[in-house]
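Notes follow once the structure below has been shown.
The values are calculated or read from the model by the stated rules, or taken from the named source; none is laboratory data. All values reported here derive from a predicted model rather than from experimental measurement. Glycine also receives a Cβ, built like all others from the backbone with ideal geometry; neighbour counts cover every protein chain displayed. Just so you know, the surface numbers come from the protein's heavy atoms only, side chains and all, with ligands and any DNA or RNA stripped out. Shrake-Rupley method; radii C 1.70, N 1.55, O 1.52, S 1.80 Å.
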Amino acid sequence: MEDSLLVIVAAIAGLAVGVIVGYFVLNRVLSKRAERIVKEAEEKAETIKEKKMVQAKEKFLSLKEEHNNEVKEKNRHLQSAEDRIKNKEKQLAKQLETSKRKENELDASQATISTQLEVIEKRKVDLEKAHAKSVSLLEEISGLSADDAKKKLMEELKEDARAMASHVTREIIDEAKLKANQDAKKIVIQSIQRVATEHAIENSVSVFNIESDEIKGRIIGREGRNIRAIEAATGVEVIVDDTPEAIILSCFDPVRREIARLSMHQLVTDGRIHPARVEEVVAKVTKNINEEIMEVGKRACIDLGIHNLHSELVRMIGRMKYRSSYGQNLLQHSREVANLCSVMASELGLNAKAAKRAGLLHDIGKVSDEETELPHAILGMKLAEKYGEKPDVCNAIGAHHDEIEMTSLLSPIIQVCDAVSGARPGARREVVESYIQRLKDLESLALDYPGVTKSFAIQAGRELRVLVESEKVSDEKADQLSFDISQKIQNEMTYPGQIKVTVIREKRAVNYAR
């Protein structure tokens, strides 16, 4: 028991000693390990410190380099700006120097010019004195003043020139008189004898014959609406009076009068007379008249043997049928002039075809659609040039009333033949022409206002009917328009009596049942 206890005690003592020894051993081991760890930590810390220091140094160097670069860049910009400023200063200095030099040169030039002007003025005075001295000496020698000498010399030269001119002129006149009068009379007489002429006096009234007076009532219509529709569509005054079996159509324009006559004939023949039918028939007849105008122009050209005329010129020739010149039918007058020109040109050995062409076209300015202030001869010349006629033909057209200078031999022929055709007894009436022109001016005056579609001078120019668009002109504006037109006529035109201005405005609503 005691041995066991001893063993236990020994064991405990051994264990205690072992524990103590182990503690010291472990403590030493742990102390060495701790020292090694601390040393390693210190070494790592030193390494990290060195790395951080290297990094910081590198960053510092990098920042320093960037800063140095920025400083260098700024210095470079500053240096560049400084260089530019220095260059500008140098340029300004040069310019200033140049300006001063030019100013000095200008001053020197002015001084030189002043000196030269003084010299010139002095020489001028010397020359005037010398000239005056010479004139005085000549006057003393000749016994005449300078003005008297000039006058005497001019008179002597004029007398010599007059004597020579008179001698030459007398010789020419004497030579021309031997043959000119006889040949001229022969040519004119032959030309007139070889041309068949017609006395064609036009008037401004047409009579439309009807079978019975009952038709007059149908033409007038209820409350006169049919006759108003006819007048509005054609621009012709329809006069229904007590004349048995006749209605009078009055208009200065023969084309409109013919359209009204044919339209009236179709309406009476058909029997249906109302405003819509009137407008339809008038439009159809107007188209037919335009076609007939072209046919008349073509037929006139074929009869005269004139070819290759522009279609617009052919149309104008056809319009001459419905136009009168001082009461003489313009187409008949132009054909007559063309034939006279052809005969006279043949007798003189000139181009007969060109003369005939110019004679037919000489009055186309009277039937032009253009509204212009030009004389009809100049307007006709411009139209001929526009449509490709030759220069000699154009000049003959433009010069037949002496508006321009004659440049070809055709021009005096056209002028003479025009005078021959119009000078026959009873061929023309001056009053009719001026009356027609006044009516045309009256209609043109109203067409200048906005919203006006048509204007017709009726009752021999005593009334002007103006048709306006209902969308553009109200009732109030229609009243004002009537007043304005009447005032303009009163201020700008010369006319006998008084002129009534009637503005017509109507609203039409049109739809179609399909």
With respect to Lys353, is the statement that it is over 22 Å from Asn329 (Cα atoms), touching a helix residue (DSSP H, G or I) at 6+ places or on another chain (Cβ under 9 Å) and among the charged types (D, E, K, R) true?
yes
How about the range 120-133: which of its residues are open to solvent by 60 Å² or more (accessible area, probe 1.4 Å) and not basic (Lys, Arg)?
Ile120, Glu121, Asp126, Leu127, Glu128, His131
Among the residues of the range 304-315, is there at least one that is surrounded by 14 or more Cβ atoms within 10 Å (Cβ to Cβ), closer than 24 Å to Ser421 by Cβ, touching a Cys at 6+ places or on another chain (Cβ under 7 Å) and among the β-branched types (Val, Ile, Thr)?
yes
Write out, first by first residue and then by second, each pair whose Cβ atoms fall under 6 Å of each other, whose residues are 6+ apart or on separate chains, and whose first residue, in the range 211-240, is under 16 Å from Glu463 (Cα atoms) while the second is assigned to a helix (DSSP H, G or I) and of a type in the set (Gly, Ala, Ser).
Thr234/Ala260; Val236/Ala260
Does Lys86 satisfy the condition of being of a type in the set (D, E, K, R), on the phi < 0 side of the Ramachandran plot and open to solvent by 100 Å² or more (accessible area, probe 1.4 Å)?
no
Asn395 fails exactly one of the following numbered conditions: (1) over 30 Å from Leu447 (Cα atoms); (2) part of a loop (DSSP other than H, G, I, E, B). What is the number of that condition?
(2)
Can you list residue pairs whose Cβ atoms sit under 6 Å apart, with the first residue in the range 293-317 being over 17 Å from Asn329 (Cβ atoms) and the second being of a type in the set (Gly, Ala, Ser)? Count only pairs 6 or more apart in sequence or on different chains.
Met294/Gly318; Val314/Gly297; Arg315/Gly297
When restricted to Lys353, Lys382, the only residue more than 28 Å from Asp441 (Cα to Cα) and in a helix (DSSP H, G or I) is Lys353
When (1) within 25 Å of Lys440 (Cβ to Cβ); (2) at pLDDT below 85; (3) open to solvent by less than 50 Å² (accessible area, probe 1.4 Å) are applied to His362, the one that fails is (2)
What residue, among those in the range 462-514 that are exposed (fewer than 10 other Cβ atoms within 10 Å of the Cβ) and of a type in the set (Gly, Ala, Ser), is farthest from Pro450 (Cα to Cα)?
Ala513
Yes or no: the range 425-438 includes at least one residue that is open to solvent by 70 Å² or more (accessible area, probe 1.4 Å), at pLDDT 85 or above and either under 31 Å from the mean Cα position of the chain (by Cα) or of a type outside the set (Val, Ile, Thr) (or both).
no
Taking only the range 319-350 into account, find how many residues are part of a strand (DSSP E or B) and more than 18 Å from Asp303 (Cβ to Cβ).
3
Selected residue (only one of Ala300, Ala276, Ala283, Ala229 is open to solvent by less than 40 Å² (accessible area, probe 1.4 Å), more than 30 Å from Gly359 (Cβ to Cβ) and at pLDDT 80 or above):
Ala229
